[in-house]
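Derivation of every value follows stated rules applied to the coordinates shown; laboratory data play no part. What you see is a predicted model; the values in this text were computed from it and never measured. Glycine gets a Cβ as well: all are built from the backbone with ideal geometry, and neighbour counts include every protein chain shown.
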Amino acid sequence: MMFAHGFGCDQNMWRFITPAFETDYKIVAFDYVGAGGSDLSAYRRERYSTLSGYARDVLDIIEALDLHDLVFVGHSVSGMIGLLAAIEQPQRFAKMIMVGPSPCYINDGDYVGGFGHGDIEELLKMMEKNYMGWSNSLAPVIMKNPDRPELAQELEASFCSTDPVIAQQFARATFLSDNRSDLQSMKIPALILQCAEDLIAPAEVGTYLHTRLPNSSLVQMKATGHCPHMSHPEETIALMRRYLDG
């Protein structure tokens, strides 16, 4: 079982989830280049200008460890990174679990992604001008659960510990991505965990994914915000187990 973190996070964010599966699965967690304890010297701007570069990293790990029958658990943008990897090497994957995924963050005609194009450009400009201020203002909005401020504080600290130049480029690759045309090519069974009150991936996105991803299941969580593996780990574990055991 491979756990892939979202933008601005690192593998430590999965610490409330992984112990529940250690008995039944070999656990593989990692940091994308620029996050956590990764080797910053390995960063190549051209490679990571799109999500395909991150998908290649996932496949590199899978090949190095010779993983098969893999359950891939991806938070946020890692849902689409995992999808790209599974399209390229489907024989390695057994199931996908996508936590708060989105194939496109920008509204487009009838498609509701959650943001206007101008909103995304403003977000990226703010990151470039004042990355620390951006982290401070956005973390509580993404996390929700204001009654537990320590969660937003951890997310903000994670944002701030990420190399700012790499973070800005990862943000551009993430928020300007559009993987809607790739969905029909992914044949691996997938669980979509859709949170309530999710700024990054609104409910319409989960429905869109479910209707266009073959062999997918959609569950609307009680959890609020964008990081249920941190804010509501018990519900997340229970839904994962129900899907994997079903």
Treat segment 26-153 as a sphere of radius equal to its Kirkwood radius over Cα pairs and apply Stokes-Einstein at 10 °C in a medium of 1.306 mPa s; give the translational diffusion coefficient in µm²/s, rounded to a whole number.
-> 94 µm²/s
In µm²/s, what is D for segment 89-149 at 4 °C and 1.567 mPa s, where D = kT/(6 pi eta Rh) by Stokes-Einstein and Rh is the Kirkwood radius from Cα pairs?
-> 89 µm²/s
Note on segment 156-246: alpha-carbon gyration tensor, axes a ≥ b ≥ c; rule is a/c under 1.5 for rounded, else prolate if a/b larger than b/c, else oblate; result oblate
Return the ratio Rg/(2.2 N^0.38 Å) for segment 2-245, where Rg is computed over Cα atoms only.
-> 0.93
Find the centroid of the Cα atoms in segment 173-208 and in segment 132-172, then give the distance between the two in whole Å.
-> 21 Å
Over the chain, the sum of -39500 (n - 2.57) across DSSP H runs of at least four, divided by residue number and rounded to 500 deg cm²/dmol, gives at 222 nm -13000 deg cm²/dmol
Expressed to one decimal in nm², the mean projection of the alpha carbon convex hull of segment 1-90 is 5.7 nm²
Restricting segment 117-207 to GluC sites (Glu not before Pro) in coil, as DSSP defines it, with at most 15 other Cβ within 10 Å = Glu197
Give, rounded to the nearest 20 debye, the magnitude of the charge dipole that the chain has about its Cα centre when Lys and Arg contribute +1 at Cβ and Asp and Glu contribute -1 at Cβ.
-> 280 debye
Nonlocal Lys pairs with alpha-carbon distance under 25 Å, the chain (8 or more apart, or different chains) | 7
For segment 1-96, run through the trypsin sites (Lys or Arg not before Pro) and keep only the ones in DSSP coil with at most 13 other Cβ atoms within 10 Å of their Cβ.
-> Arg15, Lys26, Arg44, Arg45
Given backbone amide H placed at 1.01 Å from N, residues whose amide H is under 5 Å from that of Ala190, ignoring those fewer than 5 places away on the same chain, are Met96, Ser216, Ser217
DSSP-assigned coil residues among trypsin sites (Lys or Arg not before Pro) in segment 156-224, each with at most 13 further Cβ atoms within 10 Å = Lys187
